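The values are calculated or read from the model by the stated rules, or taken from the named source; none is laboratory data. The model shown is predicted, which means the values in this text are computed figures rather than measured ones. Quick reminder, even Gly has a Cβ in these numbers, built from the backbone with ideal geometry, and neighbours come from all protein chains shown.
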Amino acid sequence: MTDGSVTDTNSPATTAPVIQEPGRRRLGRRRRERLVRAAGYAVFVLVVVGVAAAADWQRLADSFFRVDVARAMFPGAVTTALRNTIVYTLLAFAFGLVLGLVLALMRLSTIAPYRWFATAYIELFRGLPRLLVLFMVGYGIPQAFPDREIPGGVYGAVTLGLGATAAAYMAETIRAGIQAVPKGQTEAARSLGMSHGRAMVSIVLPQAFRIVIPPLTNEFVGLTKDTSLAYVLGVTASTIELTKFAGDALNSQVNPTPLVVAGLLYLAITLPLSQLVRWLERRAARER
Amino acid sequence: MKHREVSALSAIEISGLRKSFGALEVLRGIDLSVDSGEVVCVIGPSGSGKSTLLRCVNLLEVPTGGTIRVGGVEVTDPDCDIDGVRRRIGMVFQQFNLFGHLRVRENLTISQRRVLRRSRAEAQRIAAANLERVGLADKADAYPAQLSGGQQQRVAIARALAMDPQLMLFDEPTSALDPELVGEVLAVMRGLAADGMTMLVVTHEMAFAREVASRVVFMDGGVIVESGEPAQVFGAPRERRTAEFLHRVLEPTRVSESEIGAQPRAQHDG
Ligand SMILES: Nc1ncnc2c1ncn2[C@@H]1O[C@H](COP(=O)(O)OP(=O)(O)OP(=O)(O)O)[C@@H](O)[C@H]1O
Ligand SMILES: [Mg+2]
């Protein structure tokens, strides 16, 4: 920018000095940039070292990394809590995926009422907090239909409560994926005699899903974390998930180590998936 | 154009075909019939409605008026089983439109299996035979993205042929190809014509039309301006618009500046 203004003020007659001057200025700027970068790095190192020195490592280890407290959480942390977290995630994801696909197809339908319904649903559930929807499913629906029960108990309620919101997001993702498949694909399929539905199932959707696998995996990661909201439905010893499990352990042991253990268990699921998404996106970028 | 009796020999019978996109009338009364075994090439300037005409024949576009019969079946009848009719019409697109997620073999078998309900073994046998016919027997396991444009277009032709069509529609099949790949696709089409396939071909390949077509149709502004034997249309066009178009296409380097200025006026009269 400064270089630009310098050249602007020079007339074409003084071309030679103009070329030289920005050259010298660029060298100066480069040195200045290097200085700024070094200063930033020095501050960063100072802060890290300062915090590390100020921290009472023994206290920290006693609070967050107590081996005996961690050991007391097992095997329940894995066999019950982590297992339930995964089961809730899979159920809600499956429900959300199926409902999301139906909503996406309705959204693209030529039949106007289908489009209206899908649009209303998507806007509604994207606009509501997930926790509120869970409360609705856990307490609102049972009040409204006292003689009916949500099948599967807490499992059913979590599936419905988290899946209903996930479906709204997935519907939009899948719709975008379907629209990203070139129109010529449908035309080729139809001109071979395939019906609209057949062309959708055999030709369009397989290609659309290939496009939306990365965003859907992100949705899966999000759902994994959202299962921590399941506790509001009053989970029992057998239906407990990771966050509630860690919270209970925190209370009984009066020590925060369980939180670290739970965090590591979440990361064991989410980190590989995030890496997978990155890999898929890189591969997709290369294919394009 | 004279109206013919609907006979078993008539593959396509179009009369009074009209098509509008909103306020824009793209086809303004087309009469055209194609006999079985005939190769009809449609030529004409960009935007004259050639693709739209072709796409109306298998109802990728729904006509606004007029009737179209394919093999004696009126496809413009609202009660017509359009999927059934399309099964018997092969279509080849400018952009190939191969199914990118499927291997070449599956591109050829999927509609045989799903639409014609052929057994896997039969579908594969027919796929292999048609790949052989277009000279790509060794590419059955490749994905479309791994093929050159010319190879993709030949696969697209084989895919249509695998459905045993009575009629093939080609919409500028070589326009998206690098010049050195045009020949291999035209060679396949030439072979098809020699085998007696009924073909309606929109093309800018004048040499191909002159050599292979039984009839050439020149369209401009949504109407058929002239149609006749290739020797007549190319050698002694009756209409001035035809002559001007051919002059522009066949000798693009010789179009003079004054002609470019004269072009729009020339298209309005006539
Ligand atoms: N789906 C559509 N909606 C609106 N207008 C369209 C549509 N399809 C075609 N048209 C218009 O109709 C006219 C004729 O188009 P068409 O594709 O049939 O021409 P063409 O003769 O095939 O031209 P080209 O040689 O460029 O392929 C053009 O003006 C085009 O813009
Ligand atoms: Mg066209």
Open item on the list: Step by step: first the residues of region A:226-252, then only those that are among the acidic types (Asp, Glu) and part of a helix (DSSP H, G or I), then the one that is modelled with the lowest pLDDT. Which residue is that?
Closed with: A:ASP248
TODO: Hey, can you tell me all the residues within region B:74-95 that are in contact with a helix residue (DSSP H, G or I) (Cβ under 6 Å, 6 or more places away or on another chain), more than 8 Å from chain A (Cβ to nearest Cβ) and in a loop (DSSP other than H, G, I, E, B)?
DONE: B:VAL75
TODO: Looking for whichever is out of contact with any Asp or Glu (no Cβ under 9 Å at 6 or more places or on another chain), under 20 Å from B:LEU181 (Cβ atoms), facing chain A (nearest Cβ under 10 Å) and of a type outside the set (S, T, N, Q) here; the options are B:LEU98, B:LEU136. Which one fits?
DONE: B:LEU98
TODO: Give the residues of region A:58-82 that are surrounded by fewer than 10 Cβ atoms within 10 Å (Cβ to Cβ) and assigned to a helix (DSSP H, G or I), sorted by residue number.
DONE: A:GLN58, A:ARG59, A:VAL67, A:ASP68
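Condition check ((1) aliphatic (A, V, I, L, M); (2) buried (at least 18 other Cβ atoms within 10 Å of the Cβ); (3) within 16 Å of ligand 1 (Cβ to nearest atom)) across all residues:
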{"site": "B:ARG117", "(1), (2), (3)": "no, no, no"}
{"site": "B:ILE126", "(1), (2), (3)": "yes, yes, no"}
{"site": "B:PRO144", "(1), (2), (3)": "no, yes, no"}
{"site": "B:GLY149", "(1), (2), (3)": "no, no, no"}
{"site": "B:GLN166", "(1), (2), (3)": "no, no, no"}
- [ ] Please list, ordered by first then second residue, the pairs with beta carbon atoms under 7 Å, 6 or more apart or interchain, first in region B:166-191 and among the acidic types (Asp, Glu), second more than 16 Å from ligand 1 (Cβ to nearest atom) and part of a helix (DSSP H, G or I).
- [x] B:ASP178/B:GLY149; B:GLU184/B:GLY150; B:GLU184/B:ARG154
Task: Residues located in region A:189-225, provided they are at the interface with chain B (Cβ under 10 Å from one of its Cβ atoms), assigned to a helix (DSSP H, G or I) and of a type outside the set (A, V, I, L, M, F, W, C) - done: A:ARG190, A:SER191, A:HIS196, A:ARG198, A:SER202, A:PRO206, A:GLN207, A:ARG210
Open item on the list: I'm checking my understanding of the structure. Among residues of region B:150-161 that are in contact with a Gly (Cβ under 9 Å, 6 or more places away or on another chain) and within 14 Å of another protein chain (Cβ to nearest Cβ), which one is farthest from ligand 2 (Cβ to nearest atom)?
Closed with: B:LEU161
- [ ] Confirm whether B:ALA162 is touching a helix residue (DSSP H, G or I) at 6+ places or on another chain (Cβ under 6 Å) and farther than 29 Å from B:LYS50 by Cβ.
- [x] no
Task: Only listed residue being crowded, with 22+ Cβ neighbours inside 10 Å, free of Cβ contacts under 8 Å to residues at least 12 places away in the same chain and either under 22 Å from A:PRO182 (Cβ atoms) or within 16 Å of ligand 1 (Cβ to nearest atom) (or both), chosen from B:ILE89, B:ILE110 - done: B:ILE110
Open item on the list: I need the full set of residues from region B:24-73 which are more than 14 Å from ligand 2 (Cβ to nearest atom), outside any strand (DSSP E or B) and at positive phi, in order please.
Closed with: B:GLY37, B:LEU59, B:GLY71, B:GLY72
Task: Residue check for A:ILE150: in a helix (DSSP H, G or I) and either among the hydrophobic types (A, V, I, L, M, F, W, C) or more than 14 Å from every other protein chain (Cβ to nearest Cβ) (or both) - done: no
Task: Whichever residue in region B:174-205 is within 16 Å of ligand 2 (Cβ to nearest atom) and under 28 Å from B:ARG238 (Cβ atoms) and, among such residues, is farthest from the other protein chains (Cβ to nearest Cβ) - done: B:GLU205
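For region B:92-105: of the residues being farther than 18 Å from B:ILE12 by Cβ and touching a strand residue (DSSP E or B) at 6+ places or on another chain (Cβ under 7 Å), which is surrounded by the fewest Cβ atoms within 10 Å (Cβ to Cβ)? Show your work before the answer.
Within region B:92-105, the subset farther than 18 Å from B:ILE12 by Cβ is B:93-105.
If we keep only those that are touching a strand residue (DSSP E or B) at 6+ places or on another chain (Cβ under 7 Å) as well, we get B:93-94.
Details: B:PHE93: 24, B:GLN94: 17.
Only one residue tops the list, namely B:GLN94.
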TODO: Considering (1) more than 9 Å from ligand 1 (Cβ to nearest atom); (2) farther than 25 Å from B:HIS247 by Cβ; (3) of a type in the set (Lys, Arg), say which one B:ARG55 fails and leave the rest.
DONE: (1)
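Would you point out which residue out of A:THR173, A:THR165, A:THR159, A:THR186 is within 14 Å of chain B (Cβ to nearest Cβ) and in contact with a helix residue (DSSP H, G or I) (Cβ under 6 Å, 6 or more places away or on another chain)? Walk me through it before giving the result.
Details: A:THR173 fails: within 14 Å of chain B (Cβ to nearest Cβ); A:THR165 fails: within 14 Å of chain B (Cβ to nearest Cβ); A:THR159 fails: within 14 Å of chain B (Cβ to nearest Cβ).
Criteria check complete, one pass: A:THR186.
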